[in-house]
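A.B. asks: This is the structure I want to talk about, given as structure tokens.
What follows draws every value from the coordinates through simple rules; no lab data is involved. This is a predicted model, so every value here is computed, not measured. Neighbour counts are summed over all protein chains in view; Cβ atoms, including those assigned to glycine, are modelled from backbone coordinates with ideal geometry.
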Amino acid sequence: MLLRMSSLFVRTLREDPADAEVASHRLLVRAGYIRRAAPGIYTWLPLGLRVLRKVEAVVREEMEAAGAQEVHFPALLPKEPYEATGRWTEYGPNLFRLRDRKGADLLLAPTHEELFTLLVKDLYSSYKDLPLTLFQIQTKYRDEARPRAGLIRGREFVMKDAYSFDVDDEGLDASYANQRAAYQRVFQRLGLEYVVVAATSGAMGGSRSEEFLNPTQIGEDTFVRSAGGYAANVEAVTTVVPPAVPWDDAPAAHVEDTPDTPTIDSLVAVANARFARPDREWTAADTLKNVVLALVSPTGERELLVVGLPGDREVDLKRLEAAVAPAEVETATEADFARHPELVRGYIGPGVLGANRGVDADGAPLGVRYLLDPRVVPGTRWITGADVPGRHVFDLVAGRDFIAAGQDGAENTVEAAEVRAGDPAPDGSGPLELARGIEIGHIFALGRKYADALGLTVLDRNGKSVVVTMGSYGIGVSRVMAALAEANHDDAGLAWPAQVAPAHVHVVATGKDPAVFAAAESIATTLAGRGTAVLYDDRPKVSPGVKFADAELLGVPLLVVVGRGLADGVVEVRPRRAGQAGTGAEQVPVERAADRVGELVDALLAGSGGSEQA
RNA sequence: CGGGCUGUGGCGCAGGUUGGUAGCGCGCUCGGUUUGGGACCGAGAGGUCGCGGGUUCGAAUCCCGCCAGCCCGACCA
């Protein structure tokens, strides 16, 4: 394969595009790999398309090696299957919808669970046909509220989506593990650093899911990890529950005047000034903050919820939402407070909440639903609101003086508090640190949600009809390309791993000596004839500086410079990245150039460097 | 959806307060000189100044309205 710069459809930009912020976006546009067509929608130019195809090829090979079979669905789909699973409405404004001339509703697929399920239902009906895993590499459409960062969050993007079908849970576990291992091989081969984090399954439903994140500062997802190997999405982190504390010698609760203390900070200040502890200062962590929120169910019902948590922590709405799904969480409104005069803002305490307010004849709590942070274990002592303006109660002991929602304890706590750096990992593997990452893959053990909704059943060995259980597995192919660009660049430009580079070697002819162009042409065609992908800068009348700058911007891993050294019978061979492929620049006799480049290309292709972190 | 910033040749920007011939750099075309780190000289092509309305003899510039884009947040397999 030989591409000539003189005729290649590419225009490199000397300056950064004004609308690009992150490196991958900036450089992919500057180097002429992609062009913006509309917000979050990009046109692929020859070089960009070559890289995308190479990423796809790696994904395809590993899917096939894992036994998945490739199919291809339309992107334009009828709405009926999505109505059957409820996603026509659930997806809301993120779904691109359109109407044909007859008035029928269509959509541009954001993901294809429904169609795969129906296809298998159409063709298969026996347990003997399973297990089965199908995949496609296809363009997806989501009308994101805020596309950003070029290919990282687009409204049109390329995704590999795979779906597994099994008769039973053991089968699903095996299929899931199989895909998970394939993902590890894909990212390993691409040389892309990744962590696997436990995730919540969100709108997809299902029992279990894991995200593959590429750690980078520009990532959109926050996750936590510990030195000991724990990693999780913030929503999935569980709090380490401290042991209960005996309260036998705890002082009785007492209400004190604490005027003008509507905030935690002001309360702590007054507590220290007027009710000083003998052993240490009061801190925000000694206070119990009761935050009023509203849960809105999918059917629109609104219920108030008060979360009690240590005063030094904020409520993380995303964590709470994950805990109360499918309900959505909103902050309480004036109207909410108006309906509940017992909630004295700034001075809300457990006394008026949940069953602490008393129970009705059926034992149902009279107060607003009340859930506690798991750290509020029995025996812990708190300063909290006395439900009267300007007054707080001290030494209020959990379990002795108040309880959460119900009597039994099962439903009493909620994972709603923010996770902070330094919090202990739930598996005891050390303190957590917060990090950002790009979600490059997500795998779900879906279970029977889609098969149930769409009636995908097979006969088992007893001739009984059973619902098939499914998994779905996605890799954002175009996003992976952006992550690779992000991880492989420097100030001068891109620096692709050989596995995905648009060419293996970039031959540059400098000067105007016809002998130089003849030698460069010979090297380029020799290499191309041997199957090496060559980008040859054969532009006449272009200065060496421009050619070098372009070569560095385009990021092909090996550079061959044919120029003044030719008088001594040598050309220069050097890697795009110092330290790669040998020791750096080397002078190679012109007749050996093709052989030497071949060796270096082989070495680069052999040495992929990805790794699972943490 | 909230907050901020920005719309002027293909790209990056100045001009705007103080209304009066639309400018600079890059890129592009032609001629010439150059050729190992984004060369130089000369001659050119290319713009409804985001859109609509208003003020004015005259609007890129002032006023009103709208639209679009980018960034942060909310949202998001």
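A.B. asks: Quick check on the exposure proxy: order A:Thr239, A:Thr469 from fewest to most C-beta atoms within 10 angstrom. Walk me through the numbers on the way to the answer.
C.D. replies: Details: A:Thr239 18, A:Thr469 29.
Result, fewest neighbours first: A:Thr239, A:Thr469.
A.B. asks: How large is the translational diffusion coefficient of chain A in µm² per second when you combine the Kirkwood radius over alpha carbon pairs with Stokes-Einstein at 25 °C and 0.890 mPa s? Show your work: numbers first, answer last.
C.D. replies: Values: Rh = 28.3 Å.
Reported coefficient: 87 µm²/s.
A.B. asks: In which sequence would A:Leu353, A:Leu320 go, from the one with the fewest C-beta neighbours within 10 Å to the one with the most?
C.D. replies: Values: A:Leu353 31, A:Leu320 24.
Exposure proxy ranking, most exposed first: A:Leu320, A:Leu353.
A.B. asks: A follow-up question, please. Write down, largest first, the equivalent ellipsoid semi-axes of segment A:201-327 in whole Å, where each equals the square root of 5 times an eigenvalue of the alpha-carbon gyration tensor.
C.D. replies: Equivalent-ellipsoid dimensions as semi-axes: 35, 21, 16 Å.
A.B. asks: Could you give each residue of segment A:504-510 its phi-based ³J(HN,Hα) in whole Hz, using Karplus coefficients 6.51, -1.76, 1.60 with θ = phi - 60°, and x for Gly or Pro?
C.D. replies: For segment A:504-510, the Karplus curve yields 7, 9, 10, 9, 10, 9, 10 Hz.
A.B. asks: Would you calculate a helix-derived [θ] at 222 nm for chain A, using -39,500 (n - 2.57) for each DSSP H run of n ≥ 4 and dividing by the full residue count, to the nearest 500?
C.D. replies: Details: 14 runs with 153 residues, N = 614.
Counting only the DSSP helices, I get -7500 deg cm²/dmol.
A.B. asks: Quick one: which residues, 5 or more positions from A:Asp423 or on another chain, have an amide H under 5 Å from its amide H? H modelled 1.01 Å from N in the peptide plane, none for Pro or chain starts.
C.D. replies: A:Leu432
A.B. asks: Applying 1/(1 + (r/R0)^6) with R0 = 60 Å to the Cβ-Cβ distance of A:Ala284 and A:Glu64, what FRET efficiency is obtained, to the nearest 0.05? Please report the intermediate quantities before stating the final value.
C.D. replies: Numbers: r = 56 Å, r/R0 = 0.93.
The value I calculate is 0.60.
A.B. asks: Which number comes out as Rg/Rh for segment A:254-397 once both Rg and the Kirkwood Rh are worked out on C-alpha atoms? Intermediate values should be presented prior to the final figure.
C.D. replies: Numbers: Rg = 15.6 Å, Rh = 15.9 Å.
Using only Cα positions, Rg/Rh for segment A:254-397 is 0.98.
A.B. asks: Given the pairs A:Lys512/A:Lys541; A:Lys79/A:Lys102; A:Lys128/A:Lys464; A:Lys140/A:Lys449, which are separated by over 18 angstrom at their Cα positions? Could you put the intermediate results ahead of the total?
C.D. replies: Working: A:Lys512/A:Lys541 7 Å; A:Lys79/A:Lys102 14 Å; A:Lys128/A:Lys464 13 Å; A:Lys140/A:Lys449 22 Å.
Violating the 18 Å limit, Cα to Cα: A:Lys140/A:Lys449.
A.B. asks: Continuing with this model, one more query. So what are the ³J(HN,Hα) numbers for segment A:73-81, from phi and the Karplus equation (6.51, -1.76, 1.60; θ = phi - 60°), rounded to whole Hz, Gly and Pro as x?
C.D. replies: Once rounded to whole Hz, the list reads 9, x, 8, 8, 10, x, 7, 3, x.
A.B. asks: Calculate the dipole size of chain A relative to its Cα centre from +1 charges on Lys and Arg beta carbons and -1 charges on Asp and Glu beta carbons; express the result in debye to the nearest 20.
C.D. replies: Values: 65 positive and 86 negative charges, 520 e Å.
Dipole size: approximately 2500 debye.
A.B. asks: Take every Cα-Cα distance within segment A:496-606, group them into 5 Å bins from 0 onward, and report for each bin the whole-number percent of pairs it holds.
C.D. replies: Whole-percent P(r) values from 0 Å outward: 2, 14, 26, 27, 21, 8, 2, 0.
A.B. asks: What are the ³J(HN,Hα) values, in whole Hz, obtained from phi via the Karplus relation 6.51 cos²θ - 1.76 cosθ + 1.60 with θ = phi - 60°, for each residue of segment A:313-319 in sequence order, with x given for Gly and Pro?
C.D. replies: In residue order, the calculated couplings are 10, 9, 7, 9, 4, 5, 5 Hz.
A.B. asks: Would you mind checking which residues have amide H under 5 Å from A:Glu70's amide H? H placed 1.01 Å from N; only 5 or more apart, or other chain.
C.D. replies: A:Phe135
A.B. asks: Does anyone have the angle between helix A:514-529 and the longest principal axis of chain A? Alpha-carbon axes, 0 to 90°, nearest 10?
C.D. replies: Tilt of helix A:514-529: around 60 degrees.
A.B. asks: Rounded to the nearest 10 degrees, what's the angle between the helix A:113-123 long axis and the longest principal axis of chain A, both from Cα atoms, 0 to 90?
C.D. replies: Between the helix axis and the principal axis of chain A, the angle is about 70 degrees.
A.B. asks: Toward the positive end of the charge dipole of chain A, about the Cα centre and with charges on Cβ (Lys, Arg +1; Asp, Glu -1), which of A:Leu49, A:Val240, A:Ile264 goes farthest?
C.D. replies: Looking along the dipole axis, the top candidate is A:Leu49.
A.B. asks: Continuing with this model, one more query. Normalised by the number of residues in chain A, what is the relative contact order in percent for Cα pairs under 8 Å and 6+ residues apart?
C.D. replies: Here the relative contact order equals 18 percent.
A.B. asks: In terms of the Cα gyration tensor, with a ≥ b ≥ c the square roots of its eigenvalues, is segment A:14-113 rounded because a/c is under 1.5, prolate because a/b exceeds b/c, or oblate? Don't skip to the answer; put the middle values down first.
C.D. replies: Details: a/c = 2.62, a/b = 1.41, b/c = 1.86.
Oblate, since a/c reaches 1.5 and b/c is not below a/b.
A.B. asks: Explain nothing, just the number: dipole magnitude of segment A:496-606 about its Cα centre with +1 on each Lys and Arg Cβ and -1 on each Asp and Glu Cβ, in debye rounded to the nearest 20.
C.D. replies: On the way: 11 positive and 13 negative charges, 46 e Å.
Dipole of segment A:496-606, to the nearest 20 debye: 220 debye.
A.B. asks: Arrange A:Asp286, A:Asp427 by Cβ neighbour counts within 10 Å, fewest through most, would you?
C.D. replies: Ordered from fewest to most neighbouring Cβ atoms within 10 Å, A:Asp286, A:Asp427 come out as A:Asp427, A:Asp286.
A.B. asks: Follow-up question, since we're still on this one. Positive end of the charge dipole of chain A (Lys, Arg +1 and Asp, Glu -1 on Cβ, about the Cα centre): tell me which of A:Leu77, A:Gly555, A:Gly103 has its Cα farthest that way.
C.D. replies: Checked the options; the winner is A:Gly555.
A.B. asks: Here is a follow-up. Name the residue from A:Val291, A:Leu494, A:Ser429 whose Cα lies farthest towards the positive end of the charge dipole of chain A, charges +1 on Cβ of Lys and Arg and -1 on Cβ of Asp and Glu.
C.D. replies: A:Leu494
A.B. asks: Given H placed on each backbone N at 1.01 Å, which residues far from A:Arg400 in sequence or on other chains put an amide H within less than 5 Å of it?
C.D. replies: A:Gly379
A.B. asks: Here's a follow-up. Note down the nm distance, to one decimal, between modelled labels 7 Å out along Cα→Cβ at A:Arg400 and at A:Leu106.
C.D. replies: Roughly 7.0 nm, to one decimal.
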